[in-house]
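First comes the structure, then the notes that go with it.
The values are calculated or read from the model by the stated rules, or taken from the named source; none is laboratory data. Source: prediction; values computed, not measured. In this analysis, Cβ positions are derived from the backbone assuming ideal geometry, glycine residues included, and neighbour counts consider all displayed protein chains.
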Amino acid sequence: MEIETNGTRIHVTQRGSGNLALVFLHYCGGSSRTWNRVAERLSDQYRVVATDHRGWGDSDAPADGYRIADLADDAEGVIAAVGLERYVLVGHSMGGKVAQLIASRRPSGLEGLVLVAPSPPSPMLLSEEQRAILSGAYQSRESVEFVIDNVLTAKPLDAACREQVIQDSLKGAPQAKTAWPEIAMREDMTAAVGAIDVPTIVISGELDQVDRISTLQAELLPRVPHAAMHILPGVGHLSPLEAPSEVAQIMANFLAAVESKSAGCNAPQ
């Protein structure tokens, strides 16, 4: 389905049903499809909503508006449009940074936060050479394949999954590809994330070269109240694709705890 929000048409997929919804936000280079293998394991119990960020997948690609706040406004518009009363945000990498900002705003209905290989709230410091390499990472099939094999993954992807990553990476609008390393990655949200007041888990790949465990332990965990980390052995940055069963199982345990807490809060006194 297509939702007009924040002046932009955002492509949204939905599946499943339940009183609690999961809102999935993808990484820079991905799309709502990135979450398919995780979502299919959870949609028998939960309503699943996944978006394509502006400039990615089948969403519109305006000339500008690619700051973290813009992406957060888009997602909040989708949440309002589909009428979610109780939901958990699930953000991967860039989507994790977006999810942190949304959670820091303490929106009505938000009951939990799942950060999968998230970009930290602090600016990511790269040299100009590194930033140029990152800006050009998704320019050709060959460059995407190099990044998959040497940066993004620690486990081989099956053929269908690998082709999906290549297609999604190439489909992104040039302005969206450039905005992450040049603008959004540099943004400092460290002051905001201390306001997050919902249960939070961080799922990190042991071999993630992009958002490393050490970086998250230094830059994210001390700033987000009560956040707990789960480490996936032998997994890289694309854990929703490398280890979907493991990610879904950790999420299922977390969601059961969120639902139990909610039931306790709503029990008659």
Problem set entry | Tally, over the range 207-224, of residues that are touching a residue at least 24 places away in the same chain (Cβ under 8 Å), surrounded by 14 or more Cβ atoms within 10 Å (Cβ to Cβ) and part of a loop (DSSP other than H, G, I, E, B) | 7
Problem set entry | Residues satisfying the stated conditions in the range 225-239, i.e. assigned to a loop (DSSP other than H, G, I, E, B), of a type in the set (A, V, I, L, M) and more than 19 Å from ARG37 (Cβ to Cβ) | ALA227
For this session: Could you tell me which of the residues THR190, THR178 is touching a Lys or Arg at 6+ places or on another chain (Cβ under 8 Å), surrounded by fewer than 20 Cβ atoms within 10 Å (Cβ to Cβ) and either modelled with pLDDT under 95 or in a loop (DSSP other than H, G, I, E, B) (or both)?
Result: THR190
Exercise. Hey, does the range 112-129 have a residue that's more than 25 Å from HIS230 (Cα to Cα), in contact (Cβ under 8 Å) with a residue 24 or more places away in the chain and touching a Lys or Arg at 6+ places or on another chain (Cβ under 6 Å)?
Worked result: no
Problem set entry | Near pairs, Cβ below 7 angstrom, 6+ apart or cross-chain, from the range 236-262 (among the aromatic types (Phe, Trp, Tyr)) to any residue that is surrounded by 18 or more Cβ atoms within 10 Å (Cβ to Cβ) | PHE254/GLY112; PHE254/VAL114; PHE254/ILE201
Exercise. Here are some conditions: (1) in a helix (DSSP H, G or I); (2) farther than 28 Å from ILE102 by Cα; (3) touching a helix residue (DSSP H, G or I) at 6+ places or on another chain (Cβ under 9 Å). ALA154 meets all but one. Which one does it not meet?
Worked result: (1)
For this session: For the range 2-33, name all the residues that are buried (at least 16 other Cβ atoms within 10 Å of the Cβ) and hydroxyl-bearing (Ser, Thr, Tyr).
Result: THR5, THR8, THR13, TYR27, SER31, SER32
